[in-house]
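In what follows, a single structure is set out as structure tokens and then discussed.
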Amino acid sequence: MQKTAVLNFPPDFLWGTAASSHQVEGNNNNNDWWEWEQQGKINDGSVSGPACDHYNRFDEDFAALRRQHHNTHRLSIEWSRIEPEQGRWNKQAVKHYKAVLASLKSKGLKPMLTLHHFTNPLWLSRQGGWEQPQVVRFFKRYARFVAEELGEGIELWITINEPVVYAFESYIAGIWPPGKRDFKAAMRVLKHMLLAHAEAYHAIHSVLTDGCKVSFAKHYRIFDPFCGCSIFDRTMAYVIDFIFNRHFTKACIGGTIYPPVALFKQVPRLKNTLDYIGINYYSREMIRFTPFKPGSDFFTLITRPGAPVNFLGWEIYPYGLFRLLRKQKKYKKAIYITENGIATENDEERGRFIIEHLKQMHCAITGGIDVRGYYYWSCLDNFEWAEGFTPRFGLTHVDYKTQKRTLRGSGKLYAEIAGRGKITGDMILKTGYS
Ligand code: IFM
């Protein structure tokens, strides 16, 4: 029987994985997360400690990615290593990241570089972190320094990873450092993140004049009304969608900061500060209007009853990726899926997750949406913030006692897709996914 190609992706498509410094490097002991972990705040009682020891093993880890036919990798620079004390740059750390980037390039892995991925140097958190306006100046200086020292030849930049998630978990839910539950503080943090993004955007472009692309990685979730026929659920879902999904992007495109962060504040420096759209997508939530439920802030997030969920209870909803991509079309910008992944104990489920999401992405590309790359989260199992090491997102299993890496079946499947630039019927059948 003739083998037929099911889904072909563009020949220059970027296939890779994403990771962040604190989650994989190990011994990032000069930031607010390390301090938080020492206070016993992590659900499974773990601390990041040596993590995946990627700080020492980066070269072999990247060699493995190359063997898996990836042609790109998203990583983050640890601010607390580069600037361990306010205004003091660490030459050793610069040398280290130069070696990391050189290793990626030598293996044909195009770097996508993130400047801020949830962690803050202790000197910054001790003076109020993102709540205080001076953070904008500090972040601009750090972005400029990284661009000058490490930026040569780096085309893809992310200033801040998931700003809204950061503000929510750290200042509303209070489960990440500094552990506050203060809505107004969260709005101040978001305002400073917007201004800091804008300053970093201009700083990077003023140093690198060779057409690099700068954006931020936005965590999008689908918010649907729990009851489609309830005007209250629908209105609430619309509002949450605006605040969580659309607010930040709209501000960076139009230069206006909307409520609840600011009262239609015009910030010319913010206008047009997205060269591409970076989408982190994992799941969907149903919204129920619950005005009388104590402590509910007028709404409750519900996982759709009966829906398939991952290890963390997040709904697996591949069609959501298509819906998001379709919504970005109006911006007429290149799009990268800067994260998409699943925590699971069942690796077949991971393979199925990847195939199902790639199918949706392919549909979008076929429909004329300019998606240029896909970064699975993550290459390795790693430190999942408040959840510790228990959830496993990796294409490669990590034995944290020995640091032994073992490529999972899903990792082999993704390698085949990346290597051939297509999903074939054979791949689907061979792996038992339908
Ligand atoms: O591990 C995180 C990552 O740091 C940011 N995006 C979501 C991932 C999974 O929760």
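The values are calculated or read from the model by the stated rules, or taken from the named source; none is laboratory data. Only a predicted model underlies this, so the values are computations on that prediction, with no experimental measurement involved. Note: ideal-geometry Cβ built from the backbone for every residue, glycine included; neighbour counts use all protein chains shown.
For the condition closer than 20 Å to Leu208 by Cβ and assigned to a helix (DSSP H, G or I), what is the one hit in Leu113, Leu75, Leu104? Working first, answer last.
Details: Leu113 fails: assigned to a helix (DSSP H, G or I); Leu75 fails: assigned to a helix (DSSP H, G or I).
One residue alone meets the criteria, Leu104.
Can you tell me how many residues within segment 91-124 are surrounded by fewer than 22 Cβ atoms within 10 Å (Cβ to Cβ) and within 16 Å of the ligand (Cβ to nearest atom)?
0
Would you call Pro163 within 16 Å of the ligand (Cβ to nearest atom), farther than 21 Å from Ala18 by Cβ and buried (at least 18 other Cβ atoms within 10 Å of the Cβ)?
Values: within 16 Å of the ligand (Cβ to nearest atom): yes; farther than 21 Å from Ala18 by Cβ: no; buried (at least 18 other Cβ atoms within 10 Å of the Cβ): yes.
Against the criterion (within 16 Å of the ligand (Cβ to nearest atom), farther than 21 Å from Ala18 by Cβ and buried (at least 18 other Cβ atoms within 10 Å of the Cβ)), Pro163 does not qualify.
Among the residues of segment 124-146, write down those that are aliphatic (A, V, I, L, M) and within 18 Å of Val267 (Cα to Cα). Spell out how you get there, then give the answer.
Of the residues in segment 124-146, the ones aliphatic (A, V, I, L, M) are 124, 135-136, 143, 146.
Scanning segment 124-146 gives Val135, Val136.
On the basis of being part of a helix (DSSP H, G or I), within 16 Å of the ligand (Cβ to nearest atom) and over 29 Å from Asp32 (Cα atoms), does His357 make the cut? Spell out the reasoning first.
Details: part of a helix (DSSP H, G or I): yes; within 16 Å of the ligand (Cβ to nearest atom): yes; over 29 Å from Asp32 (Cα atoms): yes.
Spelling it out, His357 is indeed part of a helix (DSSP H, G or I), within 16 Å of the ligand (Cβ to nearest atom) and over 29 Å from Asp32 (Cα atoms).
So the check is Cβ under 6 Å with 6+ separation or different chains; which pairs have a first residue in segment 348-371 that's farther than 13 Å from Leu324 by Cα and a second one that's modelled with pLDDT of 95 or more and in a helix (DSSP H, G or I)?
Matching pairs, first to second residue: Arg350/Ser410; Gly351/Ser410; Gly351/Leu413; Ile354/Tyr414.
Taking the condition among the acidic types (Asp, Glu), in contact with a Phe, Trp or Tyr (Cβ under 8 Å, 6 or more places away or on another chain), touching a residue at least 24 places away in the same chain (Cβ under 8 Å) and within 22 Å of Leu274 (Cβ to Cβ), does Glu155 pass? Spell out how you get there, then give the answer.
Values: among the acidic types (Asp, Glu): yes; in contact with a Phe, Trp or Tyr (Cβ under 8 Å, 6 or more places away or on another chain): no; touching a residue at least 24 places away in the same chain (Cβ under 8 Å): yes; within 22 Å of Leu274 (Cβ to Cβ): yes.
The answer is no for Glu155.
Exactly one of these conditions fails for Gly26: (1) within 16 Å of the ligand (Cβ to nearest atom); (2) touching a residue at least 60 places away in the same chain (Cβ under 8 Å); (3) under 24 Å from Thr406 (Cβ atoms). Give me its number.
(2)
So how many residues does segment 301-331 have that are assigned to a strand (DSSP E or B) and free of Cβ contacts under 8 Å to residues at least 60 places away in the same chain? Lay out the reasoning, then the answer.
Within segment 301-331, the first condition is being assigned to a strand (DSSP E or B), and the residues that meet it are 301-302, 309, 315.
With the extra rule that they be free of Cβ contacts under 8 Å to residues at least 60 places away in the same chain, the set shrinks to 301, 309, 315.
Residues that pass the stated criteria total 3.
On the basis of being modelled with pLDDT of 95 or more, within 16 Å of the ligand (Cβ to nearest atom) and closer than 20 Å to Tyr331 by Cα, does Arg221 make the cut? Spell out the reasoning first.
Details: modelled with pLDDT of 95 or more: yes; within 16 Å of the ligand (Cβ to nearest atom): yes; closer than 20 Å to Tyr331 by Cα: yes.
Yes; evaluated as a whole, the condition is true for this residue.
Report yes if Pro308 is at pLDDT 95 or above, surrounded by fewer than 19 Cβ atoms within 10 Å (Cβ to Cβ) and either among the polar types (S, T, N, Q) or more than 18 Å from Gly421 (Cα to Cα) (or both), otherwise no.
Numbers: at pLDDT 95 or above: yes; surrounded by fewer than 19 Cβ atoms within 10 Å (Cβ to Cβ): yes; either among the polar types (S, T, N, Q) or more than 18 Å from Gly421 (Cα to Cα) (or both): yes.
For Pro308, the condition - at pLDDT 95 or above, surrounded by fewer than 19 Cβ atoms within 10 Å (Cβ to Cβ) and either among the polar types (S, T, N, Q) or more than 18 Å from Gly421 (Cα to Cα) (or both) - is met.
Kindly provide the set of residues from segment 224-261 that are within 16 Å of the ligand (Cβ to nearest atom) and aromatic (Phe, Trp, Tyr), ordered by number. Full working, then the answer.
Restricting attention to segment 224-261, the residues satisfying the condition of being within 16 Å of the ligand (Cβ to nearest atom) are 244-245, 248.
The answer is Phe244, Phe248.
Restricting attention to segment 387-419, and to residues there that are surrounded by fewer than 17 Cβ atoms within 10 Å (Cβ to Cβ) and β-branched (Val, Ile, Thr), which single residue is nearest to Pro318 (Cα to Cα)?
Among those that are surrounded by fewer than 17 Cβ atoms within 10 Å (Cβ to Cβ) and β-branched (Val, Ile, Thr), it is Thr390.
Take Glu349 and tell me if it is in a helix (DSSP H, G or I), within 17 Å of Leu312 (Cβ to Cβ), away from the ligand (no atom under 15 Å from the Cβ) and not hydroxyl-bearing (Ser, Thr, Tyr).
Details: in a helix (DSSP H, G or I): yes; within 17 Å of Leu312 (Cβ to Cβ): yes; away from the ligand (no atom under 15 Å from the Cβ): yes; not hydroxyl-bearing (Ser, Thr, Tyr): yes.
The answer is yes for Glu349.
Looking at segment 279-302, which of its residues are over 17 Å from Tyr238 (Cα atoms) and among the β-branched types (Val, Ile, Thr)?
Ile279
Out of the residues in segment 374-386 that are more than 22 Å from Lys404 (Cα to Cα) and buried (at least 24 other Cβ atoms within 10 Å of the Cβ), which is farthest from the ligand (Cβ to nearest atom)?
If we filter segment 374-386 for residues that are more than 22 Å from Lys404 (Cα to Cα), which is where we start, we get 374-375, 386.
Subsequent filtering for residues that are buried (at least 24 other Cβ atoms within 10 Å of the Cβ) retains 374-375.
Values: Tyr374: 15, Tyr375: 11 Å.
Going through the qualifying residues, I end up with Tyr374.
Residues are listed down the side, and each one gets a yes or a no for (1) surrounded by fewer than 23 Cβ atoms within 10 Å (Cβ to Cβ); (2) out of contact with any Ser or Thr (no Cβ under 9 Å at 6 or more places or on another chain); (3) in a helix (DSSP H, G or I); (4) at pLDDT below 95:
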{"position": "Trp130", "(1), (2), (3), (4)": "no, no, yes, no"}
{"position": "Val136", "(1), (2), (3), (4)": "yes, yes, yes, no"}
{"position": "Phe139", "(1), (2), (3), (4)": "no, no, yes, no"}
{"position": "Phe145", "(1), (2), (3), (4)": "yes, yes, yes, no"}
{"position": "Glu149", "(1), (2), (3), (4)": "yes, yes, yes, no"}
{"position": "Ile154", "(1), (2), (3), (4)": "yes, yes, no, no"}
{"position": "Trp157", "(1), (2), (3), (4)": "no, no, no, no"}
